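Report on the following structure.
The values are calculated or read from the model by the stated rules, or taken from the named source; none is laboratory data. Being a predicted model, the structure only gives us computed values, none of them experimental. Note: ideal-geometry Cβ built from the backbone for every residue, glycine included; neighbour counts use all protein chains shown. Remember, those area values only see protein heavy atoms, side chains included, never the ligands or the DNA or RNA. Shrake-Rupley method; radii C 1.70, N 1.55, O 1.52, S 1.80 Å.
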Amino acid sequence: MFTSCAQEKKPNFIIFFVDDLGWNDVGYMGSKYYETPHIDQMAKEGMVFTNAYANAPNCAPSRACLMSGQYSPRHGVYTVGRPDRGKVENRKLVPHPNKTELSGEIVTIAEALKKFGYTNAHMGKWHLGNSDKTRPEAQGFDVNIGGNELGHPKSYFSPYRNPDLSDGKEGEYLTDRLTNEALDFINSNKENPFFLYLSHYAVHTPIQAKSDLISKYKDKKPHLGQDNPSYAAMVESMDQSLGRILQKLKELDLDENTLVLFFSDNGGHGGITNHTPLKGSKGMLYEGGIREPMIAWWPKNIRSGSRSDEVVIGTDFYPTLVTLAGGNPKDFPIDGEDLTPLFFQKNNLEREAIYWHFPAYLEGYLGIKQEEALTRGWRAVPSGAIRKGDWKLIEDFEDGRLQLYNIKEDISESNDLSASHPEKKEELWKDLKNWRKNFNAPVPTEKNSLYETK
């Protein structure tokens, strides 16, 4: 079993981060439409986390939390782009201003690992700024392939029109290209500790996939609302990428000294995939927007076929890697918890609750039938949430509504227990308000003068 003091060679780290991959968009989580044999095999060989959450229901804030190890109120990235999205006449409140870059003053996970001798590479989607102080190269990464302020690719096929990614031959597929770059980096750094942040643009829109894979799914029987051949093909290409990475580690005899974390930044696009039995999708604080598939893979260190039901969140990656690198997470201003006791099945986490804060608006999907989970036509209104044990509370800042769910018994969030369990509702609401006070989390209160009552 690994111990940082006893092992002379530091472990390598790979975060395989997928964009907009939903909780059950992979085979081991129950999908019978999408085919993910390599992810499924990784789940068999590693530890599956059954209660893993992104820090936000959409891309940029979730990534900012992962890179900083901090909750959103500390870095100020709450949403993607403007917080006042949607029609102004439908917004009751004036949302809180949003930052679109992760400040260069924040010590990122990559900068922390450099202190312990790591060579770091970012590949794919960054989405946290493009200035001299906020690009990946300024935030601790020695190599940056394709990362800048872009939230999605202009094309998944070369020419990419990405200033940080040279074009390949015409028709080259972006997911394959980033994988090739990642393999080259692993080969070049096999003798020294490295951190690879393989942050795929896939499976975010635009939905573009290789034609041979699309045709494979056209006649396949849909399953629980999953029926998009092009999206399925994108998922399979992403799965092939993971398979190639794990195979390269085995070929180089690096597998037993490399921790690979598989994760996603938020739920899947509600008009493209389906997360039944979860409620909601990307952009919502319901489970479908924030609950993610997660696997930790580290042969001979993490027991194969193991699972953890502990509630974990994206900010936990930072202290975990720092600990395994030989450092002390308490030396860094971070909010996550070290997951190594779970990896090695020694102890549970002592944390009582995790939190979300979203003081912004996010409109519903354009041209797509609105889901029941939408709040008055919005995917998200200014709101916050807490999960404590089996319980989850969502607070709507517009009208003060509190929703209470027992997630263990009601994963679909179909039965609001706020009226029948007033003491539990008050307990979680008090905890949520105390957390906001401790983190100086801004709650919008200013009324929008242009709001039109219906």
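Kindly identify the range 278-325 as rounded, prolate or oblate by the Cα gyration tensor criterion: order the square roots of the eigenvalues as a ≥ b ≥ c, call it rounded if a/c is under 1.5, otherwise compare a/b with b/c, prolate if a/b is larger, else oblate.
The shape class here is oblate.
Net charge near F439, counting Lys/Arg +1 and Asp/Glu -1 over other residues with Cβ under 9 Å of its Cβ?
+2
Just the number, please: carbon plus sulfur as a percent of the accessible area of the range 207-250, 1.4 Å probe, no ligands or DNA/RNA counted.
That share works out to 48 percent.
Kindly provide the Kirkwood hydrodynamic radius of the range 259-396 in Å, to one decimal, from all pairs of distinct alpha carbon atoms.
When all Cα pairs of the range 259-396 are included, the Kirkwood radius is 16.8 Å.
Apply 1/(1 + (r/R0)^6) to the Cβ-Cβ distance of N434 and N328, taking R0 = 30 Å, and write down the FRET efficiency to the nearest 0.05.
0.65
Which of the GluC sites (Glu not before Pro) across the range 421-454 are loop residues per DSSP, with 15 or fewer other Cβ within 10 Å?
Answer by residue number: E446, E452.
If you take Kirkwood radius over Cα pairs in Å from the coordinates, which of [x] 22.2; [y] 23.7; [z] 22.9 do you get?
The value computed from this structure is option [x].
Once every DSSP H run of n ≥ 4 in the chain is given -39500 (n - 2.57) and the sum is divided by its residues, what mean residue ellipticity at 222 nm do you get, rounded to the nearest 500 deg cm²/dmol?
So the calculated ellipticity at 222 nm is -7000 deg cm²/dmol.
For the range 233-325, state which trypsin sites (Lys or Arg not before Pro) are in a DSSP loop and have at most 14 other beta carbons lying within 10 Å of their beta carbon.
K300
Among the trypsin sites (Lys or Arg not before Pro) in the range 63-113, which ones are in a DSSP loop with at most 15 other Cβ atoms within 10 Å of the Cβ? Mind listing them?
Those satisfying the criteria are K87.
Take every Cα pair under 8 Å in the range 310-382 that's 6+ residues apart, average their separations, divide by the length, and report that relative contact order as a whole percent.
Here the relative contact order equals 23 percent.
Along Cα→Cβ, 7 Å out, is where each label goes; now give me the distance between the ones at Q247 and L366 in nm to one decimal.
Spacing of the two 7 Å Cα→Cβ label points: 4.0 nm.
Identify, among T276, L246, Y156, the residue whose Cα sits farthest towards the positive end of the charge dipole of the chain, taking +1 on the Cβ of Lys and Arg and -1 on the Cβ of Asp and Glu, with the dipole about the Cα centre.
Of the listed residues, the answer is T276.
If you take the square roots of the eigenvalues of the alpha-carbon gyration tensor of the range 77-227 and sort them as a ≥ b ≥ c, do you get rounded (a/c under 1.5), prolate (a/b over b/c) or oblate?
Oblate, since a/c reaches 1.5 and b/c is not below a/b.
Any idea of the accessible area per residue across the range 65-157, 1.4 Å probe, to the nearest Å²?
Spelled out: the 1.4 Å probe surface of the range 65-157, per residue, equals 37 Å².
How big is the range 344-454 by Rg and Dmax over its Cα atoms, in Å?
When restricted to the Cα atoms of the range 344-454, Rg and Dmax are 16.0, 56 Å.
Between E256 and R351, what FRET efficiency follows from the Cβ-Cβ distance if R0 is 25 Å, with the result rounded to 0.05?
0.25
So if we plug the beta-carbon distance of D416 and R376 into 1/(1 + (r/R0)^6) with R0 = 25 Å, what FRET efficiency do we get, rounded to 0.05?
That pair, D416 with R376, gives E of 0.95.
For the pair T50 and K408, how long in nm is the line joining their label points, each one 7 Å along Cα→Cβ?
Label at T50, label at K408, 1.1 nm between them.
So which of K9/K99; K154/K216; K279/K300; K210/K279; K87/K430; K87/K218 end up more than 28 Å apart, counting from Cα to Cα?
As for pairs spanning more than 28 Å Cα to Cα, those are K9/K99; K279/K300; K210/K279; K87/K430; K87/K218.
Counting only other residues whose beta carbon sits under 10 Å from that of R85, what net charge do I get with K and R as +1, D and E as -1?
+2
Length gain on complete extension for the stretch Y451 to E427, per 0.36 nm per residue less the alpha carbon to alpha carbon distance?
5.4 nm is the gain from fully extending Y451 to E427.
Which whole-number value in Å² is the accessible area per residue of the range 354-454, probe 1.4 Å?
With all protein chains present, the range 354-454 gives 53 Å² per residue.
Each residue of the range 113-123 in turn: what ³J(HN,Hα) in whole Hz from Karplus with 6.51, -1.76, 1.60 and θ = phi - 60°, glycine and Pro shown as x?
5, 4, 5, 10, x, 8, 9, 10, 10, 10, 9
Taking Cα pairs under 8 Å and at least six residues apart, what relative contact order does the chain come out at, in percent?
Once divided by the residue count of the chain, the mean separation gives 25 percent.
Measure out, as a whole number of angstrom, how far apart the alpha-carbon centroids of the range 8-68 and the range 215-287 sit.
8 Å
Using a probe of 1.4 angstrom, how much of the accessible area of the range 299-418 is carbon and sulfur, in percent?
42 percent
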